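J.: Quick one: the structure is below, and I'll ask about it shortly.
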């Protein structure tokens, strides 16, 4: 299965599962939400009717009093109305009243008059001064047909003299619940479809851009004349422009093939990371922290690619030079001090102590920019391999001109002794931060050769590594 198809299927799976989960949560909340609202209404209704029924109950004329007659008129009232498209043609309440012993003294349905309801939760709890309510199956053959009962106390002063319960079948609001669930499902599936369509468009667009960029890099690696493709993603346009600039500055067919083939290999890992992070960003249910994290991954990998390309360009520019362009007499000690001052933030962050040369001026002829960059690469490499609270020691000598930088890191493994100055060769950092581009020391070697000198990197007998850069007298 192609990588692009795997990424798209993975995206669809993530979005689909997230949408299904969210949709089910919404649908599952409809029924309890409606019933909670209905219970709140029943509480108010029961409390109001309890006050109306109080006088008749206290006077002992509840079955024949005004309250009973008003309820009978309510039940006899014709009801033919449409509520939000639903026909309402029957009373929605059943009302019954018990005395302080839990005996039913009034029942609008007439089916429980005189019965002992003292053990039903609505009556039992209310008589004890608590909130009383219950839900009971209306018909044993239909377990989903339940009736909600909400009670309120009837008080004579501070004494509870009875309980009034209002009951409403849940089936009366079931049509509203089902209609809401249907609407939510339809809207959810529509939203899912739109989200998947948008994600597909974005994913295909990004994948298409990556394919064009990969095809362009592959064409250049084969030595073909290829135009930089039009890319719609800013970071990829920047990367493409850097690739184009690199290609224009590299000379010679064999040189181009060698460099771009290596670059293509080095680009695969960050491009895969960019593609994977971008694909995950299409998840509509992604948390904001995760969104920021994956966006940071993309920026980090693009920065890594840009750094790789810039270092390759710098290396290529001096590999084709046969002589120095602006040679001048420089002080090696001052060059070291100037470079070291630029690395103070990195040194402070790692709590590293650096010892600088205090010798008299050590003259050397060369290009200041190249020498500073070479010294900076050596110092950057030493910082990366030094433990926190460690130390670095610079020293210089005059005859022949040379500088030495020692760190107290893990040193160089035996297998890497002959490879550290090769292009793209890099060792993992002790702090687990990964490998560098592997071009820094290769640049140092070319600068040393251009200045008629050499550079070596070896292990110190007492631990750590020692870099030595010599120049012609």
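All of the numbers you see were taken from the coordinates with simple rules; none came from a lab. These numbers come from a predicted model, not from an experiment. When we count neighbours, we look across all protein chains shown, and the Cβ atoms used for this are built from the backbone with ideal geometry, even at glycine.
J.: For a quick check: sort 415, 117 by the number of other beta carbons within 10 angstrom, fewest at the front.
T.: 415, 117
J.: Here's a follow-up. For residue 473 paired with residue 326, estimate the spin-label separation in nm (one decimal), with each label point 7 Å from Cα along the Cα-to-Cβ line.
T.: Each label point is offset 7 Å from its Cα along the Cβ direction, giving 3.0 nm.
J.: While we're looking at this one, here's another question. Starting from the Cα of residue 361, move 7 Å in the Cα-to-Cβ direction to define the label point; list residues of segment 323-349 whose amide nitrogen is under 19 Å from there.
T.: 327-339
J.: Still on this model: Which ordering of 470, 98 is given by a fewest-first count of other beta-carbon atoms within 10 Å?
T.: 470, 98
J.: Share of antiparallel DSSP beta bridges in segment 329-416, in percent to the nearest 5?
T.: 75 percent
J.: Could you give the nm distance between label points at residue 219 and residue 73, where each point is 7 Å from its Cα heading toward the beta carbon?
T.: Going from the residue 219 label point to the residue 73 one covers 9.0 nm.
J.: Kindly put 234, 372 in sequence by how many other C-beta atoms sit within 10 Å of each C-beta, fewest to most. Working shown, then result.
T.: Working: 234 9, 372 17.
Lowest count first: 234, 372.
J.: Can I ask one more? Once you have the Cα-Cα distance between residue 101 and residue 17, take 0.36 nm times their residue separation minus that, and quote the gain in nm to one decimal. Present the calculation step by step, with values, prior to reporting the outcome.
T.: On the way: separation 84, 0.36 × 84 = 30.24 nm, distance 5.48 nm.
The span from residue 101 to residue 17 would gain 24.8 nm if fully extended.
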